[in-house]
Amino acid sequence: AMPDACNHRPEKGCLRPSAEFLWMPLLFCLIAGCMSMPKTIATSALVPSRSIIESELQFPVRMERFRDDRPNRSSVGMEHSAWWGVSPIVTDSDLVVVFERIATQALAEKGVKQGQSPLVLRGNIQVANVGQMGLSRSLKAETALELTLVDTRIGGRVWSRNYRGEGAGTDYQATLAAAMRDLSAAIEKDNSILSAKSVYLAREKASAGLET
């Protein structure tokens, strides 16, 4: 039998041992999900579609740009696959706009609208995620938003509420959209913000008294 080339003349070098390791980085990459691609959700599909029925103006507020206070703002979840590992779930545009539109629509139905006012509406996005429930294919989504009214004359809060929404399904986009609809419904059902109307009217009355 002919001697093994790698054992016979090691001083000349041997390609076989190194060749054995060429496939290892690729295998590791497949296991770790290096080749996985992000799953993209269209934000346009997340805003509840309905005809808005605006109520008579109760009081105006100045709406500030909402803040995204989530620990991880680069994605809304992770998809776990036995073949491709972990893939991030991302949105195709700024998720803040979705929460702003949901809040604006829901408040417009109560008569709370954008306008000149000493009251400023602020929103803090706390939760927006979608993911698998354990090892099943079922998905669950959660959303959470804090809305706050601040009186700029004193710099203090006059109203604040936390709203949450949940959704379930088998499609990432549809499941997150369901959680957004649930969040919108929670804002619509709560009329506590109208208690701030007395603050606005008091401000208007005080201003009118100063002018006279």
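Please specify each residue of the range 165-187 satisfying the condition of being out of contact with any Phe, Trp or Tyr (no Cβ under 8 Å at 6 or more places or on another chain) and either of a type in the set (D, E) or closer than 17 Å to L107 by Cβ (or both). Those that are out of contact with any Phe, Trp or Tyr (no Cβ under 8 Å at 6 or more places or on another chain) and either of a type in the set (D, E) or closer than 17 Å to L107 by Cβ (or both): G165, E166, D171, M180, R181, D182, S184, A185. From the list T152, T148, the lone residue that is at pLDDT below 95 and under 14 Å from M63 (Cβ atoms) is T152. For the range 109-126, taking the residues that are free of Cβ contacts under 8 Å to residues at least 60 places away in the same chain and open to solvent by 10 Å² or more (accessible area, probe 1.4 Å), the one that is farthest from the chain's Cα centre (by Cα) is identified as Q116.
Among the residues of the range 94-108, those that are crowded, with 17+ Cβ neighbours inside 10 Å and under 30 Å from S81 (Cβ atoms) comprise L95, V96, V98, F99.
The requirement of being surrounded by 15 or more Cβ atoms within 10 Å (Cβ to Cβ) and charged (D, E, K, R) is not satisfied by R73. A82 passes every criterion in (1) surrounded by 10 or more Cβ atoms within 10 Å (Cβ to Cβ); (2) modelled with pLDDT of 65 or more apart from (1). Filtering the range 127-141 to residues that are in a strand (DSSP E or B) and either β-branched (V, I, T) or open to solvent by 10 Å² or more (accessible area, probe 1.4 Å) (or both) leaves V127, N129, V130, G131, Q132, K140. When the range 49-70 is limited to residues that are modelled with pLDDT of 90 or more and within 21 Å of Q173 (Cα to Cα), the one that is surrounded by the fewest Cβ atoms within 10 Å (Cβ to Cβ) turns out to be D68. Determine whether Y172 is open to solvent by less than 30 Å² (accessible area, probe 1.4 Å) and touching a Lys or Arg at 6+ places or on another chain (Cβ under 7 Å). Spelling it out, Y172 is indeed open to solvent by less than 30 Å² (accessible area, probe 1.4 Å) and touching a Lys or Arg at 6+ places or on another chain (Cβ under 7 Å).
The values are calculated or read from the model by the stated rules, or taken from the named source; none is laboratory data. Given the structure is predicted, the values throughout are model-derived calculations rather than measurements. Please note: Cβ atoms are built from the backbone with ideal geometry, for glycine as well, and neighbour counts cover all protein chains shown. Surface areas here come from the heavy atoms of the whole protein model, side chains and all, with no ligands, DNA or RNA. Shrake-Rupley method; radii C 1.70, N 1.55, O 1.52, S 1.80 Å.
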